[in-house]
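The next block holds one structure in the form of structure tokens; read it before the comments.
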Amino acid sequence: MKILALSLFVLLTCAIVIGSAAAQGEGPTPSPDEVNAIAANLYCPVCANVPLDACGTAACAQWRQQIADLLTQGYSEQQIYDYFVQQYGPSVLATPPAEGFNWLIYLLPPTLVIFAAFFLGRGLLKWKKPAGNKPFVSRNVMSSKYSRQLEKQLKDRR
Amino acid sequence: MPAVKTSLWGKMLAWLFLASLLVLVGLQLVSAQKGVLTRGEMAPDFSLTTFNGDVIGPDELKGKVVLVNFWASWCKPCEQEAEALQSAWETYASRGDVIFLGVDYVDTEKEALAYLERFQITYPNGPDLGTNIYRAFRARGVPETFLINKLGEIAFVKIGPFQNLVEITTAIDRLLEP
């Protein structure tokens, strides 16, 4: 009886030790939603313009499994993105990193909006002042000599 | 008068901006429109770190006939040529002046290693980290195979799988003729 109890005790101890070691090494199995939340921000270069969570090819299935494996190993979301960029290049990201030629993607739209706003504003201001209200010749432009001569001629006519 | 000057500068800047934008877009289009490397072009320099951790670079490839095969474990047509490629490698491995390199394109290591095991492939294979080699060869898919002659020029390009062993050996033998 004593031997049986001792064997049970040893078995239980072993089970606890092995179980806790396994728990420390790997996290819980991620749910499909957790995997898809990350997969939605990644694109497989093989399938044009299809995010990884919606892609049905064998390559995408392998990649989703890779995400699940990395999550199980305790990788954070950012670490998984970094891993995929290192393995497959920056084109896997839904939003390209702001470096090199990619800067254009981030700079161009706001620049175009600023330009458009500037020209639109200028156009609207011009539109607001009808041409008829403007003096035919600006006084500032005319030299005082010609101004005096013109005024004299107008007086003479009267 | 100053108002006119400002407007002129503004217009010039706007045109300059538009012109530079068009040039940039044009350059990108030209580079995107370039097809795969063709016969006679110099092969790009590259280094492949194999699954075993060995690094094979330009120094190891210099003066040799090099077969660069792009493949992936998820690629069904790649399976068609896998055995023929291994047989061809066994034909030339002992010569020393022919090197086969398998470049694993956007693949996961576990499946890639299983694929190599399944087809008992023994020539050096490694992942194409960052798809750098794929882009350097301007490849368009898998499988694609490039043969580089002893002068470092692209001598043969195969888009799609080889049909049989003879097709591979014929292409290589032509480059080994004195």
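Overview of results
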{"quantity": "Residue within region B:163-177 that is assigned to a loop (DSSP other than H, G, I, E, B) and farther than 18 Å from residue B:89 by Cβ present", "calculated": "yes"}
{"quantity": "Neighbours by Cβ (under 7 Å, 6+ apart or cross-chain): first from region A:91-114, over 24 Å from residue B:135 (Cα atoms) and more than 12 Å from chain B (Cβ to nearest Cβ); second open to solvent by less than 50 Å² (accessible area, probe 1.4 Å) and among the hydroxyl-bearing types (Ser, Thr, Tyr)", "calculated": "none"}
{"quantity": "Flag if residue B:59 is away from every other protein chain (no Cβ under 14 Å), at pLDDT 95 or above, assigned to a helix (DSSP H, G or I) and open to solvent by 100 Å² or more (accessible area, probe 1.4 Å)", "calculated": "yes"}
{"quantity": "Residue list for region B:94-108, restricted to those being assigned to a loop (DSSP other than H, G, I, E, B) and surrounded by 13 or more Cβ atoms within 10 Å (Cβ to Cβ)", "calculated": "B:105, B:106, B:107, B:108"}
{"quantity": "Residue within region B:149-158 that is without any contact (Cβ under 8 Å) to a residue 60 or more places away in the chain and surrounded by fewer than 15 Cβ atoms within 10 Å (Cβ to Cβ) present", "calculated": "yes"}
{"quantity": "Matching entry among B:9, B:89 (being out of contact with any Asp or Glu (no Cβ under 6 Å at 6 or more places or on another chain), within 14 Å of chain A (Cβ to nearest Cβ) and either open to solvent by 10 Å² or more (accessible area, probe 1.4 Å) or over 30 Å from residue A:66 (Cβ atoms) (or both))", "calculated": "B:9"}
{"quantity": "Residue in region B:72-93 that is part of a loop (DSSP other than H, G, I, E, B), among the charged types (D, E, K, R) and modelled with pLDDT of 95 or more present", "calculated": "no"}
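The values are calculated or read from the model by the stated rules, or taken from the named source; none is laboratory data. Given the structure is predicted, the values throughout are model-derived calculations rather than measurements. Note: ideal-geometry Cβ built from the backbone for every residue, glycine included; neighbour counts use all protein chains shown. Accessible surface areas use protein heavy atoms only, side chains included; no ligands, DNA or RNA. Shrake-Rupley method; radii C 1.70, N 1.55, O 1.52, S 1.80 Å.
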